[in-house]
1. Kindly check whether there is at least one residue in the range 171-178 that is buried (at least 17 other Cβ atoms within 10 Å of the Cβ) and at pLDDT below 95.
2. Identify all residues within the range 231-262 that are of a type in the set (A, V, I, L, M) and surrounded by fewer than 20 Cβ atoms within 10 Å (Cβ to Cβ); write none if there are none.
3. Pick out the one residue from Val204, Val219 that is at pLDDT 95 or above, over 19 Å from Gly261 (Cα atoms) and surrounded by 15 or more Cβ atoms within 10 Å (Cβ to Cβ).
4. Restricting to the range 61-84, what's the tally of residues that are outside any loop (DSSP other than H, G, I, E, B) and within 17 Å of Val119 (Cβ to Cβ)?
5. What's the number of the only condition in (1) at pLDDT 95 or above; (2) under 24 Å from the mean Cα position of the chain (by Cα) that Arg366 fails to meet?
6. Over 25 Å from Ser171 (Cβ atoms) and either of a type in the set (Ser, Thr, Tyr) or free of Cβ contacts under 8 Å to residues at least 24 places away in the same chain (or both): is that true of Ala213 in this structure?
7. What number of residues in the range 111-130 are of a type in the set (A, V, I, L, M, F, W, C), assigned to a helix (DSSP H, G or I) and closer than 25 Å to Glu62 by Cα?
8. Restricting attention to the range 396-447, report how many residues are over 24 Å from His272 (Cβ atoms), in contact (Cβ under 8 Å) with a residue 24 or more places away in the chain and in a helix (DSSP H, G or I).
Amino acid sequence: MIIQSRRSFLKATLRGGIGLAVLPQIIPARLLGAEAPSKKINVAQIGCGRMGRSDMGNVMTEPLGRIVAVCDLDARRLGAGKKMAEDYYANQGETGVSVKTFHDYRDVLAAPDIDAVVVTVPDHSHARLAIAAAIAGKHVYVQKPVTYAIAEAIGLRRAVETKRIILQTGSQQRSERPWGSFRKASEFVRNGRIGQLKTIKIGVGLDKPSGHAPAAMAVPANLDYESWLGAAPEQPYMERRVHPQTSLEGRPGWITTEDFGLGMITNWGAHHVDIAQWAMGQELGGPTTIEAQAEFMHDDAWTVHGAYHVEMLYPKNVQMILDNQFETGIRFEGDEGWIFCTRGEEKATASDPNAPVSREALLPLRASDPRLLSPLDGSAVRWMPSKTQHGNWLESIAANRQPIAPIQQSARSLETCAAAWIGMKLKRKLTWDAASETFVGDDKANALRERKTRKPEYDFERLLQRAGIV
């Protein structure tokens with residue numbers, strides 16, 4: 001049985017209270033008709049930094065994808081993005097290719113020849129750009145975590161369902177490439193290979209302080225810092241809190257600055273928690289209680305959490321534990337054995353050990369008994385086919401279907417990670433109601449589900465209200 005076919009997804013969403021409105025309606029006209037197989041989906045890349053260039057490369061190598069425009073608030077990155085796309089097509093034998101450039105994402109969304117956008121900007125701007133794109137009728141691929149805050153995820157879901165566009169989340173561990181181990185492990189667990197699931201242990205890596213004190217700097221002439229700051233609190237420019245000016249590939253500092261990203265709990269947590277909830281059948285649910293502890297960086301340019309320990313209880317008495325001492329990956333423990341999945345040699349952060357402790361640690365999929373990893377039979381619950389995350393998105397647009405990582409599920413993954421972060425902040429046990437997506441009887445915790453916007457023009461709720469989305 002294939003999980004997340006059009007029929008099964010509809011049944012799942014009805015159980016989750018989402019309804020028929022989630023089914024997409026917008027199909028680019030050029031994909032219809034006799035010549036449809038030769039046509040491309042015109043895509044604009046918004047954000048041309050480290051991950052943006054990766055996303056752009058993935059779209060260009062897919063048969064259905066065509067990068068026709070790039071957008072960035074940093075003129076250097078914008079130029080580099082344009083060159084990357086034009087060079088790619090030139091190497092494919094094309095001549096006279098010209099990729100459009102945009103400084104303002106709103107101009108991208110106003111362009112009638114653009115069908116879809118890839119949103120690869122800092123976490124704190126995900127919601128505003130993705131919501132605006134949905135309102136404009138553009139299909140969206142947005143990097144994980146799908147938004148910065150819980151209220152934003154709910155708002156984005158409302159926009160996607162109202163406008164019936166297709167949104168894919170960059171939770172690529174759901175696809176066969178490049179890390180099929182997570183997909184396989186979650187199918188095994190969902191099908192009861194380890195018996196009754198008891199505990200899930202997750203390691204998401206560990207950020208360490210930069211070792212540099214906060215220090216204001218002059219804003220580079222090539223960067224529109226006001227727009228980059230967006231909804232985040234007013235503050236002076238610091239290169240260590242934005243992105244490197246001398247490299248396109250360096251890890252950006254916004255990932256480790258709490259005003260822009262919440263740290264590893266949402267960075268890699270969004271990946272691993274997503275797979276864990278998928279495996280246990282909670283992709284439209286969440287935990288019931290959260291207890292979290294963490295150390296936060298002080299007197300440093302970076303401000304996110306460091307060492308952490310999080311315990312969350314799920315329905316059927318399944319316990320999820322996240323701890324920085326755990327190996328990076330997901331370990332599912334049941335009453336008949338365990339299965340562990342990871343990315344193998346790939347590091348979560350630069351602070352990961354330089355070498356695995358054993359040859360076994362290189363294996364992306366392992367179990368207490370090799371027989372637990374034998375192929376599933378034909379009657380097993382299986383995930384929908386998805387070779388690659390970007391390919392699945394483009395195919396879903398063309399086929400007018402839901403993708404492998406829709407907003408209804410990625411919103412829940414973000415909610416769980418953000419709830420853990422709220423627990424870290426409040427340092428006490430929290431009770432979460434997945435049905436209402438609120439904390440039970442806890443005003444302080446619920447206040448942290450969203451944050452005050454620096455200026456009205458950056459408020460995602462304002463976008464929704466103007467579009468008549470309630």
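The values are calculated or read from the model by the stated rules, or taken from the named source; none is laboratory data. Quick caveat, the model's predicted, so the values are computed rather than measured. Here the Cβ is made from the backbone with ideal geometry for all residues, glycine too, and neighbour counts use every protein chain on show.
1. The answer is no, given that none of the residues of the range 171-178 is buried (at least 17 other Cβ atoms within 10 Å of the Cβ) and at pLDDT below 95.
2. Hits for the range 231-262 are Met238, Leu248.
3. Being at pLDDT 95 or above, over 19 Å from Gly261 (Cα atoms) and surrounded by 15 or more Cβ atoms within 10 Å (Cβ to Cβ) holds for just one of Val204, Val219, which is Val219.
4. 10
5. Only one criterion is unmet by Arg366, namely (2).
6. no
7. Residues in the range 111-130 being of a type in the set (A, V, I, L, M, F, W, C), assigned to a helix (DSSP H, G or I) and closer than 25 Å to Glu62 by Cα: 2 in total.
8. Count: 2.
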